[in-house]
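Accompanying notes for the structure given below.
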Amino acid sequence: MAHKRPACAVEAKYIKELLLSCQEAKKSAYCPYSRFPVGAALLTEDGKIFSGCNVENASYPLSICAERTAIQKAVSEGYKDFRAIAVTSDMEDDYSSPCGACRQVMREFGTDWAVYMTKSTGAFVVKTVQELLPDSFGPEDLQKIK
Ligand SMILES: O=c1ccn([C@H]2C[C@H](O)[C@@H](CO)O2)c(=O)[nH]1
Ligand SMILES: [Zn+2]
C-alpha cells in the first residue's frame, strides 16, 4: 500500500506560515453584517500558500466563507492538491471550525489533508478533512452507478 503521510506531517515552518497568513487575511474580511471576521490560509502540495477572507453581501446568502475564498483562489490559479488549511477568527477562547459547506468543498479535493482550527491567540487543534466530514459524498461516488 502506498505510504500515507499523517496530517501531523506538515513541517513546523509551514504551520507557522499558515498561522501568520490566515491572521493577515482576516484583516481583509468584508463582514459588515455579521461583524465576524475570518481568515484562512491554504497550503498546496508544492508549498504555495493561498489566503482568503469571508466576503459578505447585502443579499446575505451570497456571502462566502474565508475557507472557500482561499480554495477558489487556489483552484482558479491551477492548484488543487492541498496539504493543509488554517482558519482563524476573533474568538479568543474557541477554535474556529469550518462550516458544513466549507467541509464539503474541502472534501472535493481529498479527505486526507489537514485542517488547522485556531484561536485568535494562535493556539490550534488539527484534524483531517476525513475526521471533519466522515461518510462523505465525493467525486468518486459519481462513477459508481451502473
Ligand atoms: O468557518 C467559518 C465560519 C464562518 N465564516 C463567516 C461566514 C460569515 O461571513 C461570518 C459569520 O458566519 O463568518 C467563515 O468565513 N468561516
Ligand atoms: Zn464555511
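The values are calculated or read from the model by the stated rules, or taken from the named source; none is laboratory data. Every value quoted in this text rests on a predicted model; they were computed, and no experiment measured them. We place every Cβ from the backbone using ideal geometry, glycine too, and count neighbours over all the protein chains shown. Ligands, DNA and RNA are stripped out before the accessible areas are found, and what is left, the full protein with its side chains, is counted by its heavy atoms. Shrake-Rupley method; radii C 1.70, N 1.55, O 1.52, S 1.80 Å.
At a glance:
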{"item": "Pick from the range 49-73, criterion part of a strand (DSSP E or B) and open to solvent by 40 Å² or more (accessible area, probe 1.4 Å), ranking: farthest from ligand 1 (Cβ to nearest atom)", "result": "Ile49"}
{"item": "Filter pass, Glu45 being exposed (fewer than 12 other Cβ atoms within 10 Å of the Cβ) and within 15 Å of the chain's Cα centre (by Cα)", "result": "yes"}
{"item": "Verdict on Ala25 being in a helix (DSSP H, G or I), within 16 Å of ligand 2 (Cβ to nearest atom) and surrounded by 12 or more Cβ atoms within 10 Å (Cβ to Cβ)", "result": "yes"}
{"item": "Conditions (1) in contact with a strand residue (DSSP E or B) (Cβ under 9 Å, 6 or more places away or on another chain); (2) within 26 Å of Glu131 (Cβ to Cβ); (3) not small (Gly, Ala, Ser); (4) not in a loop (DSSP other than H, G, I, E, B); number of the one not met by Val105", "result": "(1)"}
{"item": "Residue count for the range 102-138, restricted to those that are closer than 19 Å to Gln72 by Cβ and acidic (Asp, Glu)", "result": "1"}
{"item": "Unique residue being in contact with an Asp or Glu (Cβ under 6 Å, 6 or more places away or on another chain) and within 13 Å of ligand 2 (Cβ to nearest atom) when the list is Ala40, Ala101, Ala66", "result": "Ala40"}
{"item": "Residue within the range 5-12 that is touching a Gly at 6+ places or on another chain (Cβ under 8 Å) and either surrounded by fewer than 18 Cβ atoms within 10 Å (Cβ to Cβ) or among the hydrophobic types (A, V, I, L, M, F, W, C) (or both) present", "result": "no"}
{"item": "Ser76 among the polar types (S, T, N, Q) and either within 13 Å of ligand 1 (Cβ to nearest atom) or within 13 Å of the chain's Cα centre (by Cα) (or both)", "result": "no"}
{"item": "Every pair of residues 6+ apart whose Cβ atoms lie under 7 Å, when the first sits in the range 83-100 and is open to solvent by 10 Å² or more (accessible area, probe 1.4 Å) while the second is at pLDDT below 95 and part of a loop (DSSP other than H, G, I, E, B)", "result": "Arg83/Val10"}
{"item": "Failed item, numbered, when Leu18 is tested on (1) buried (at least 23 other Cβ atoms within 10 Å of the Cβ); (2) more than 13 Å from ligand 2 (Cβ to nearest atom); (3) part of a strand (DSSP E or B)", "result": "(3)"}
